[in-house]
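Let me begin by presenting the structure, written as structure tokens, before commenting on it.
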Amino acid sequence: MSDETIRVVLVDDHPVYRDGLSMLLASMDGIEVVATAADGHEAIAVADSVDADVFVMDVQMPGKDGIDATRIITGRHPHLAVLVLTMSEDDSTVFAAMRAGARGYLVKGADQQQILAAIRSVAGGELVFGAAIARRVSEFFSAVPVAQAALAFPQLTAREREVLDLLAAGRTNPQIAQALFLSPKTVRNNVSNIFAKLQVADRTEAMLRARDAGFGHV
């Protein structure tokens, strides 16, 4: 094994897919699959105990999901790269993965060369997204009037700004809770605080003010 071998951990709750991908990657030059995990809890334990470079992470798993596991793993081990490989193309899942620290995002169905190239890229410190995902990420950042939104509503906390951004995009409280991995009660409290700080009477007024300030492009 050369010094350039990339040590990979596969995290997926479907054993057929996980084992098939493990066999595929193990057959490729420069890749060593050092461990597998069936959920987020196992992935965190592996990160704490196994010398690895890249985690290939599913999102929807029983117990602790891939987004939460990614946040914990990258927080504890900043040198580890997480490549999300999942069925979901939903914007909220993509941006939740980015906020959690993932360096790449591919949709299942990507071919073996795409997966291999993505693993090598994130291991080298690059950010990688599949073509459809990359296009939406680019459109998001090009559409947001960043300077305007950054200066607006300085009285809000960072979390309240995230909630307001989703509220301005027309998301319901349950959808906001799912996107930000918060409890419904926490979202309700944040929304109430936003109304009070912005001195608005209802959700519609808050949405209009936020959109005027550049929010709501999620």
Residues being of a type outside the set (A, V, I, L, M) and under 30 Å from ALA177 (Cβ atoms) - total across the range 19-72: 16
Hits in the range 46-60 - residues which are in contact with a His (Cβ under 9 Å, 6 or more places away or on another chain) and surrounded by 14 or more Cβ atoms within 10 Å (Cβ to Cβ): ALA47, ALA52, ASP53, ASP58
Hey, LEU24 surrounded by fewer than 20 Cβ atoms within 10 Å (Cβ to Cβ), modelled with pLDDT under 95, touching a helix residue (DSSP H, G or I) at 6+ places or on another chain (Cβ under 6 Å) and at negative phi or not: yes
Test: residue in the range 161-171 that is of a type in the set (D, E, K, R), closer than 21 Å to THR93 by Cβ and in contact with a Leu (Cβ under 9 Å, 6 or more places away or on another chain): yes
Where THR70 falls short, out of the listed (1) hydroxyl-bearing (Ser, Thr, Tyr); (2) free of Cβ contacts under 8 Å to residues at least 40 places away in the same chain; (3) touching a helix residue (DSSP H, G or I) at 6+ places or on another chain (Cβ under 7 Å); (4) farther than 17 Å from VAL46 by Cβ: (4)
Test: residue in the range 36-45 that is among the β-branched types (Val, Ile, Thr) and surrounded by 20 or more Cβ atoms within 10 Å (Cβ to Cβ): yes
Answer residue from the range 73-127, given it is of a type in the set (Asp, Glu) and without any contact (Cβ under 8 Å) to a residue 12 or more places away in the chain and is nearest to GLY170 (Cα to Cα) among those: ASP90
Some residue of the range 200-208 being more than 24 Å from LYS64 (Cβ to Cβ), in a loop (DSSP other than H, G, I, E, B) and either assigned by TED's automatic domain parsing to the domain that holds ARG71 or among the β-branched types (Val, Ile, Thr) (or both): yes
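Results for (1) at pLDDT 85 or above; (2) in the same structural domain as ASP65 (by TED's automatic domain parsing); (3) crowded, with 21+ Cβ neighbours inside 10 Å, shown as yes or no for each residue.
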{"residue": "ASP91", "(1), (2), (3)": "no, yes, no"}
{"residue": "ARG99", "(1), (2), (3)": "no, yes, no"}
{"residue": "TYR105", "(1), (2), (3)": "yes, yes, yes"}
{"residue": "LYS108", "(1), (2), (3)": "yes, yes, no"}
{"residue": "ARG120", "(1), (2), (3)": "yes, yes, no"}
{"residue": "GLU126", "(1), (2), (3)": "yes, yes, no"}
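The values are calculated or read from the model by the stated rules, or taken from the named source; none is laboratory data. On a predicted model such as this, the values are computed, not experimentally measured, just so you know. Ideal geometry is used to build each Cβ from the backbone, glycine not excepted, and the neighbour counts take in all protein chains shown.
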